[in-house]
Amino acid sequence: MSDSVLYSVLLLASLGVVAAIMLYVVSKKFYVFENPLIAEVDELLPSANCGGCGSPGCKAFAEKLVNTEDISDLFCPVGGNEVMKQVAAVLGKEVTEKDPELAVLRCQGGCDVRPKTTEYQGPRTCAISTMIYSGETDCQYGCLGDGDCVKVCKFDAMYMNESTGLPVIITDKCTSCGACVEACPRDIIEMHPKHKRDLKIFVGCLNEDKAGIAKKACDVACIGCSKCQDICPKDAVLMVNNLAYIDPLICTLCRKCVEVCPTNSIIETNFPPKKVKKVEPEAEANVESINLKTDA
Amino acid sequence: MLKTFPKGGIHPPENKITSSKGIKKMTLPKVVYVPISQHIGIPAEIVVGVKDKVTIGQVIAKSGGFMSSNIHSPVAGTVTKLDKIIDTSGYKKQCIVIRTDLKDESNFTDIAYPLKTTITLEPKAILQKINDLGIVGLGGATFPSHVKLSIKEGTKLDHLIINGVECEPYLTADHRLMLEKAEEIIVGIKILMFALHIDKAIIGIENNKADAIETFKKIITKNDNIKIAALKVKYPQGGEKQLVRALLNREVPKNGLPLDVGVIVHNVGTIFAIYQAIQHNIPLIERVVTVTGKKLENPSNYWVKIGTPITDLVNEVGGLPEGTRKIVNGGPMMGKAIKNTDVPVTKGTSGILVISEDEASRGEPKNCIRCGECVDVCPMGLEPHLLMNLSEKGMYEKASSEDIMTCIECGSCSYVCPSHRPLLDYIRFGKNIVKKMNTSKN
C-alpha cells in the first residue's frame, strides 16, 4: 500500500522535473527578444484597439512608436496629448502636440426637412445604398441614414436619432478615432478642432446642386448664396460648387454667418442662448425675403 | 432535344405581352437629354456649346479614348443646356439638353431605306465606321462595339454568334426587330463575317420565338453559312458565356472572353445598328424599346430616340396606371428601378417595365435555411449564399478566391431564395470592393 503511493509520487515528481528541464531548455533556445519598452508603451496606450492611429491595434502602434526614430507624425487620437507626452517621456523622443478634434455631422437633412421620394428595399447599409442608388431622397450628397457610422463606432459615441433618421455624435464620448469618417461613403462626417467649451460652427450641408434644386430636395440645404462669405470678417468661408465651407482653423466663432444664412444650414453648437432678443424678428424677415427670391 | 446550357438557370413567367405588337414610331420628343456616358468606359467629351444648332446625327460628344464611344444628336434642334440630370444610376450625370426644332423637316422625314445587300467597304473601313458612328452593344451592357471587334492578329475565330435569345421576361424588343428587320440583320451578319474573316455564324433564338426562327429560316440560303439554332427557354441564356456553351458546347474560361474559345457574340440589335451604320451611314440615335407592364393601357414596342425622357414613353402608352410602384429600366431580372420618370432613354435601354403595387415589394429577409437552391440555379456554378456572407462580413480576399468576380449578376439566386435573402445586393457590393482591390494592386 505505502509502496504504491511512494512510487506514484516519485514518478510524478520525476515527470515534473523532466518537463521543467525541457521547458527551460526550449525557452532559452527559442527565446525571442522583445524590447521591454514596447510593453511599457503599450501599458500607457488606451487599449481601445480602434485603429484611429493607423495601426491595427494598440500593441502594433506601441511597436511602431518604439521602432520608428521620428515619431512626430504619429499620434494616438484617443489618448490625446497627455498620453503622447507620457510616451515621449518613456521613449525620450519628441512628439508634436495636436489640437483635440471631434467628429461633426455635416448634414441636417432629417425626415421632416428632406422628403423621401423613393424607397429602397435592399439591405440597409450605407455602402450598398450608395453603390446602387443615390439614396431615398432627392439629395445625392446627404446622409443615407443607414447607420454605417454607428455600427463602426467602438466607443458608443454615436446613435441613430429615430425621429430625424440621422446619426448623433455624443461629444463627451467621441475620441476622434476617425472610424466613422472612414465608414461614411458620402464623406459627411468630418473631424473638426475641439474649440474651448466645444464651440463649433460649420456648414451642415454638402449639396453641390444649384439653389433651386438643392432647396427642393432639402429645406436646410446650402443654396450657395454667398451671404456667409460676404459677412465673414476673417475670410474663413470658401465657396466651391454652390456650397459654402467654413475653415475651422480660421473661423473665430463670431456667429455672424449663422445669422445671415437664409436656409439655416450653418450649425452652431454649444453656444449659450442669444442675449439680444431684438435680433430675432429681423432674422426672420430676412428668411422670408430670401425665400421669395429663390422661388422666383 | 433543344440545346441549352447545362448548369443552373431558371424559368420565370415569360409575360411577353407585347410580342405581337409591331414596332411603332415614337412621337418626336420636345426635348432630349443625352447623357455623355451611355457606354461602359470613359465618358465622351462634349463638343457643342449652349445655343449651338445641331443637325440630326451630328456628333455632339466625341469619344474620350479607346474604351469610349461617339455620341450623336438624335434630333435637329438647339442645345439649350449642358446640365446634370439624374440617369438610370440614380445619380446626376452630365447631359446635353437639346430642344427639338419642330419646324425642321429632317426630324419628321422618315426615309424607308431600300435593302442594300452589297458590301462596298473594306474590313478596316467597316470597323472605323462602327467606331465613328457610336455603335455600342445594345444587349444591355453597352460595351463599345469597336473594342469588341478590334481583334489582335493571330487570334483564331471560327464562329460569329448572334444573340437573339432575349431571355428576360417581358422584353420583346429584339423579338420584334428580328421579325421586322430580318433581312437587314442577315446583311449585318454578313458585314461582320466579312470584316472579321469569319465563315460561320449562328443565330441563337429561344424556342418561345418560333415565328422569328421561321422568318430567318425562310430568308437564309445554303451559301450564307448562317445557321439558326432554336434553344430551350431558360434564363439567363442571353449571357455570353451561357450562349456559347449552349450553342457550341464550349466553356469560356473564367475571367476570359468568348474570344478565348474562338467565338465573338453580338446582339441582334447591335447587328441591326451595324447594318444601318455601314450601309446607310446612320449613327446610333434610335433604338427599339419595349414599354410594358400588366396594368398599362397600351403596352407596345417603339422606335425611340436616344435621350427621350421616360415620361414621354409612359405618356405614349396611356400614362402611369393607378397603383404604380416601380418603373424598371430593363427587364424584371436584371433591370434597375429608376428614381423618377425624368430619366432619359440611353443606348442601353431595352425596355421600360411598369410594376404595380402588388408585385413590387420584396419579401422580408429571413435566415438562410441552407436549402442550396441558389447553388442549384447559379449558371456560373458559384455558391451565392457563401459569397453573400463573405461580402457581408467584409471577407473580400476570400470572396475573391471564391470567384465572386465571375458572377454575371443575373439575379437567379435572389429570385429562387425562399428566405428572400438579398443575395445579389451583397454580391454586387462585394464585386465592387474586389474590383477596387484588384485595380489598386495592379
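The values are calculated or read from the model by the stated rules, or taken from the named source; none is laboratory data. It should be emphasised that the depicted structure is a prediction, and the values quoted were computed from it without experimental measurement. Virtual Cβ from ideal backbone geometry, glycine too; neighbours counted across all protein chains shown.
Somewhere in region A:86-95, is a residue outside any helix (DSSP H, G or I), of a type outside the set (A, V, I, L, M) and in contact with a Gly (Cβ under 9 Å, 6 or more places away or on another chain)? No - not one qualifying residue is present in region A:86-95.
The requirement of being touching a residue at least 24 places away in the same chain (Cβ under 8 Å) and either within 30 Å of residue B:420 (Cα to Cα) or part of a loop (DSSP other than H, G, I, E, B) (or both) is not satisfied by residue A:103. In region A:115-156, the residue that is farthest from the other protein chains (Cβ to nearest Cβ) out of those that are among the basic types (Lys, Arg) and assigned to a loop (DSSP other than H, G, I, E, B) is A:154.
Return the residues of region B:35-88 that are within 14 Å of another protein chain (Cβ to nearest Cβ) and touching a residue at least 40 places away in the same chain (Cβ under 8 Å); say none if nothing qualifies. Residues satisfying the conditions are B:85, B:86, B:87, B:88.
Can you find, within region B:264-313, the residue that is surrounded by the fewest Cβ atoms within 10 Å (Cβ to Cβ) among those that are among the small types (Gly, Ala, Ser) and part of a loop (DSSP other than H, G, I, E, B)? The residue in question is B:293. Can you tell me which residue is farthest from the other protein chains (Cβ to nearest Cβ) among those in region B:335-376 that are surrounded by 21 or more Cβ atoms within 10 Å (Cβ to Cβ) and charged (D, E, K, R)? Filtering region B:335-376 for residues that are surrounded by 21 or more Cβ atoms within 10 Å (Cβ to Cβ) and charged (D, E, K, R), the one farthest from the other protein chains (Cβ to nearest Cβ) comes out as B:347. With the structure loaded, tell me whether residue B:261 is crowded, with 24+ Cβ neighbours inside 10 Å, more than 15 Å from residue B:141 (Cβ to Cβ) and either in contact with a helix residue (DSSP H, G or I) (Cβ under 8 Å, 6 or more places away or on another chain) or modelled with pLDDT under 95 (or both) or whether it fails that test. Judged against the criteria, residue B:261 is not a match. Residue pairs whose Cβ atoms lie under 9 Å apart, separated by 6 or more positions or on different chains, with the first residue in region A:197-209 and within 14 Å of another protein chain (Cβ to nearest Cβ) and at positive phi and the second of a type in the set (Lys, Arg) and surrounded by 22 or more Cβ atoms within 10 Å (Cβ to Cβ), do not occur. The residue of region B:233-258 that is surrounded by the most Cβ atoms within 10 Å (Cβ to Cβ), among those that are over 18 Å from the mean Cα position of the chain (by Cα) and without any contact (Cβ under 8 Å) to a residue 40 or more places away in the chain, is B:252. Looking across B:419, B:391, B:440, B:400, one residue alone is hydroxyl-bearing (Ser, Thr, Tyr), within 14 Å of chain A (Cβ to nearest Cβ) and either in a helix (DSSP H, G or I) or free of Cβ contacts under 8 Å to residues at least 40 places away in the same chain (or both). It is B:391. For region B:124-138, filtering for residues that are small (Gly, Ala, Ser) and in contact with a helix residue (DSSP H, G or I) (Cβ under 7 Å, 6 or more places away or on another chain) leaves 1. A single member of B:208, B:163 is modelled with pLDDT of 90 or more and in contact with an Asp or Glu (Cβ under 7 Å, 6 or more places away or on another chain), and it is B:208. Looking at this structure, is residue A:72 of a type in the set (S, T, N, Q), surrounded by 10 or more Cβ atoms within 10 Å (Cβ to Cβ) and either in contact with a strand residue (DSSP E or B) (Cβ under 7 Å, 6 or more places away or on another chain) or free of Cβ contacts under 8 Å to residues at least 24 places away in the same chain (or both)? No, not satisfied.
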